[in-house]
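This is the structure, below, for whatever I ask next.
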Amino acid sequence: MFGLSSPERVTDSVYLVGSSDLTDSRDCSVYLVDAGELLLVDSGAGVSAAQITRNIELLGLDPALLSTLILTHCHIDHVGGAAYFKERFGVRTIMHALDAGPVENGDPVRTGASWYGLRLSPLPVDVKLEGTEETLSFRDGTSLVCLHTPGHTPGSLSLYRDRGGERVLFGQDIHGPFLPEFGADLSAWRESMETLLSLEADILCEGHFGVYRTKTRVKAYIEGYLDQYGS
Ligand SMILES: [Zn+2]
Ligand SMILES: [Zn+2]
């Protein structure tokens, strides 16, 4: 029941603090960004939220500095821990308006909760993004750009951050799946992937399959899925 792996440093201010290997088999990859305040990108399925918190401490960071939780989409493997982080640390939750409804209603189908055999209690979302692009600014002066990248779900978000000449992309569920019950849209997804390719990111933090480095490998990873799902 205790993971053998430790939280992982991705850059000097980005860390992997949860994943199916690290915390619980149902967890997505959970990333922590130190921006003078702490941001979480996704929160896991919920069962391992305390373990994710311990991983933050293991990195020598103070979870009391958690201020913001960005939810890349409404699936329970990404939003299940949100209630815990909101209750314990008072984080503000941010997601795209088109995926907020299923979380606020605790919709067992749209959130994938029934598929995972988990329950999601309805959770109000603090900030609902509506545009195609929004920039969030943080205490250390860095910013994080949120892009609406529909496809896997209608309100999927991808994020990127430039720091020290490096662009880190949080692309999350690039790989799909694309199921009608999730409101998936393959042609919207292809367009979203073209947007991600145009960012020419140096590092890709993926939603389940870990971290990819160098521009070339990031590009190849995204193009691999574009090939797989036809264009
Ligand atoms: Zn996922
Ligand atoms: Zn998903």
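What is the packing order of peptides 153-164, 180-191, taking the mean over residues of other C-beta atoms within 10 Å and listing the highest first?
Averaged packing, sorted descending, gives the order 153-164, 180-191.
Could you give the length gained on full extension between residue 197 and residue 21, defined as 0.36 nm per residue of separation minus the Cα-Cα distance, in nm?
60.6 nm
Normalised by the residues of segment 1-119, what does the relative contact order come to in percent, with Cα pairs under 8 Å and at least six apart?
19
Please give the length that would be gained between residue 89 and residue 209 if that part of the chain were fully extended, namely 0.36 nm times their separation in residues minus their C-alpha to C-alpha distance (nm, one decimal).
Result: 40.4 nm gained on full extension.
So what's segment 130-211 giving for Cα Rg divided by 2.2 N^0.38 Å, two decimals?
Working it through for segment 130-211, the quotient is 1.11.
Further question on the same structure: Would you mind calculating the relative contact order of segment 10-63 from Cα pairs under 8 angstrom and at least 6 residues apart, reporting the percent as a whole number?
28 percent.
Considering only protein heavy atoms and a probe of 1.4 Å, how much of the accessible area of the chain is carbon and sulfur, as a whole percent?
C and S fraction of accessible area: 48 percent.
Restricting the count to DSSP beta bridges whose residues both fall in the chain, what percent are antiparallel, rounded to a multiple of 5?
Antiparallel bridges: around 65 percent, rounded to the nearest 5.
Restricting to DSSP loop positions (anything but H, G, I, E, B) with no more than 12 other Cβ atoms inside 10 Å of their own Cβ, which chymotrypsin sites (Phe, Trp or Tyr not before Pro) remain in segment 1-107?
Loop-located and lightly packed - 2.
Here is a further query. Summing Lys, Arg as +1 and Asp, Glu as -1, what charge do residues with Cβ under 12 Å from the Cβ of residue 220 carry, residue 220 excluded?
With Lys, Arg at +1 and Asp, Glu at -1, the neighbours total +2.
Let me ask something additional. Once fully extended, how much extra length lies between residue 227 and residue 65, figured as 0.36 nm per residue of separation less the alpha-carbon to alpha-carbon distance?
Between residue 227 and residue 65, full extension yields an extra 54.2 nm.
Assuming R0 = 30 Å, can you tell me the calculated FRET efficiency for the pair residue 58 and residue 187, based on Cβ-Cβ distance, to the nearest 0.05?
After rounding to 0.05, the efficiency reads 0.10.
Please compute the net charge surrounding residue 74, taking Lys and Arg as +1 and Asp and Glu as -1 over other residues with Cβ under 9 Å from its Cβ.
Spelling it out: positives minus negatives among the neighbours equals -1.
Oh, and also: If you add up the charges near residue 56, with Lys and Arg at +1 and Asp and Glu at -1, over every other residue whose beta carbon is less than 13 angstrom from its beta carbon, what do you get?
Taking every Cβ under 13 Å from that of residue 56, the sum is -2.
Out of 216, 111, 19, whose Cα points farthest toward the positive end of the dipole of the chain (charges: +1 Lys, Arg; -1 Asp, Glu; placed on Cβ)?
19
Taking the Cα centre of segment 90-231 as the origin, how large is its charge dipole in debye, to the nearest 20, when only Lys and Arg (+1) and Asp and Glu (-1) carry charge on their Cβ atoms?
400
With θ set to phi - 60°, apply the Karplus curve 6.51 cos²θ - 1.76 cosθ + 1.60 along segment 34-41 and write out the HN-Hα couplings as whole Hz, x wherever there is a Gly or Pro.
Along segment 34-41, the couplings run 8, 10, x, 9, 9, 10, 10, 9 Hz.
For segment 192-231, with only Lys/Arg (+1) and Asp/Glu (-1) charged at the beta-carbon, what is the dipole magnitude about the Cα centre, in debye rounded to 20?
160
Can you give me the Kirkwood hydrodynamic radius for the chain, using every pair of distinct Cα atoms, in Å to one decimal?
17.3
The values are calculated or read from the model by the stated rules, or taken from the named source; none is laboratory data. Remember, predicted model here, so these are calculated numbers, not experimental data. No Cβ is skipped: glycine too gets one built from the backbone with ideal geometry, and neighbour counts run over all protein chains shown. Side chains included, ligands, DNA and RNA excluded: accessible areas come from the protein's heavy atoms. Shrake-Rupley method; radii C 1.70, N 1.55, O 1.52, S 1.80 Å.
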